[in-house]
Amino acid sequence: MKGLYFQQSSTNEEVTFVFQEKENVSVTEDNFVRVQVKACALSHINTKLLAEMKMEKEFFPVGREVAGIVLDVGKKVSFFQPDDEVVGILPLDSEDPGLCEVIRVQEHYLVHKPEKVPWTEAAGVIRDGVRAYTALYYLSQLSPGKSVLIMDGASAFGTIAIQLAHHRGAKVISTAHSLEDKQHLERLRPSLARVIDVSSGKVHVAERCLEETGGLGVDIVIDAGVRLYSKDDEPAVKQQLPHKHDIITLLSVGGHWITTEENLQLDPPDSHCLFLKGATVAFLNDEVWNLSNAQQGKYLCILKDVMEKLSAGVFRPLLDEPIPLYEAKVSMEVVQKSQERKKQVVQF
């Protein structure tokens with residue numbers, strides 16, 4: 001039985017993906033279950049975080065968002081039994097790769113998959129669903145009638161965040177980075193309040209948002225990265241991103257800025273402007289629930305709610321065509337370079 005792993009170069013800059021033989025071992029730990037994987041979604045691996053947490057090893061397992069069937073359970077497992085259909089996100093320190101036919105996982109990282117939900121959709125939505133919940137419910141307390149700006153809404157995560165915001169009764173604005181993205185966003189139902197096409201690099205996002213909100217500003221902003229400096233001093237991949245000053249300008253009084261920019265730098269004038277607005281900045285860390293065992297109960301509630309909304313049709317994930325396991329190595333190389341738009345899922 002083969003599983004996919006990655007190996008880092010000595011400089012920590014290059015990542016190589018390799019298939020390794022893996023033993024099909026039985027469950028020995030009391031609170032673990034053994035799962036036959038039916039689908040596994042591919043996501044970018046944060047090698048910097050792994051290094052900071054001293055979790056580096058020669059070969060690191062790949063693939064964490066999994067859906068499958070329980071084969072057998074440990075003596076102290078109370079939530080699952082053989083033949084249950086489950087879905088979940090493997091922990092950072094998992095010894096088994098999700099990109100493998102059979103894995104072992106602690107029961108507290110899994111929830112039941114609704115019967116009618118396809119395997120690929122369950123695996124493909126779970127991570128982005130958790131991120132959207134974290135941003136809109138825990139970091140910004142979204143409520144009906146609020147205005148929300150979701151940057152790069154045509155991405156896999158952006159699409160789920162838009163759907164969750166609409167379900168909660170929010171007025172949603174989004175940015176499009178290409179004509180294809182713009183067309184995708186305009187097809188979404190319910191319709192967006194406004195789609196801002198930033199592909200030309202000449203559109204001022206703050207002005208458009210202030211126009212849309214009658215000068216009041218946006219209550220919640222979820223960025224997809226920001227520019228910290230002028231365009232001339234930023235790499236090409238950041239050319240279409242808004243400057244941090246634009247985000248601060250378009251925030252409403254008491255607004256929430258949810259950022260994915262882990263190295264965000266705010267100068268004293270920036271902080272003063274946020275102070276005057278009574279606005280807040282929160283960081284959207286993908287692994288925040290994984291790093292806090294004390295919040296396990298909340299995390300499981302989120303996983304269950306994501307599955308319920310997928311089953312009810314609230315979530316309609318943006319998925320690419322599923323691929324077989326033998327194509328996962330090449331696909332992960334694309335994902336690791338952040339070149340994919342739709343969520344890629346391996347189907348077993």
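The values are calculated or read from the model by the stated rules, or taken from the named source; none is laboratory data. In this text, all values refer to a predicted model and were calculated from it rather than measured experimentally. Cβ atoms come from the backbone with ideal geometry, glycine included; neighbour counts cover every protein chain shown. Surface areas here come from the heavy atoms of the whole protein model, side chains and all, with no ligands, DNA or RNA. Shrake-Rupley method; radii C 1.70, N 1.55, O 1.52, S 1.80 Å.
Glu321 to Leu216: extension gain in nm, 0.36 nm per residue of separation minus the Cα-Cα distance?
Net length gain for the segment: 33.6 nm.
The value given for the stretch 140-283 is a Kirkwood hydrodynamic radius of 15.2 Å, derived from the mean inverse Cα-Cα separation.
With 18 Å as the limit, the listed pairs Lys202/Lys244; Lys113/Lys342; Lys182/Lys337 have Lys113/Lys342; Lys182/Lys337 beyond it between alpha carbons. In this structure, Cys273 and Val203 have a Cβ-Cβ separation that, at R0 = 25 Å, corresponds to a calculated FRET efficiency of about 0.70.
In plain terms, the chain from Met53 to Gln106 could stretch by 17.0 nm, reckoned as 0.36 nm per residue minus the Cα-Cα distance. Mind running the shape call on the stretch 154-218? Use the C-alpha gyration tensor, a ≥ b ≥ c as the square roots of the eigenvalues: rounded below 1.5 for a/c, prolate if a/b tops b/c, oblate otherwise. It comes out oblate by the Cα gyration axes. Computed from Cα positions, the angle between helix 268-277 and the longest principal axis of the chain comes to roughly 80 degrees. Against the criterion of solvent-accessible heavy-atom surface with a 1.4 angstrom probe, Val102, Val288, Val203, Val330 sort, most first, into Val330, Val288, Val203, Val102.
Pairing the Cα long axis of helix 156-167 with the longest principal axis of the chain, what angle in degrees results, from 0 to 90 and rounded to the nearest 10? The two axes meet at around 70 degrees. Of all beta bridges that DSSP places with both ends in the chain, some 60 percent have antiparallel geometry.
Please sort 122-131, 103-112 by packing, taking for each peptide the average over its residues of neighbouring beta carbons within 10 angstrom, highest first.
122-131, 103-112
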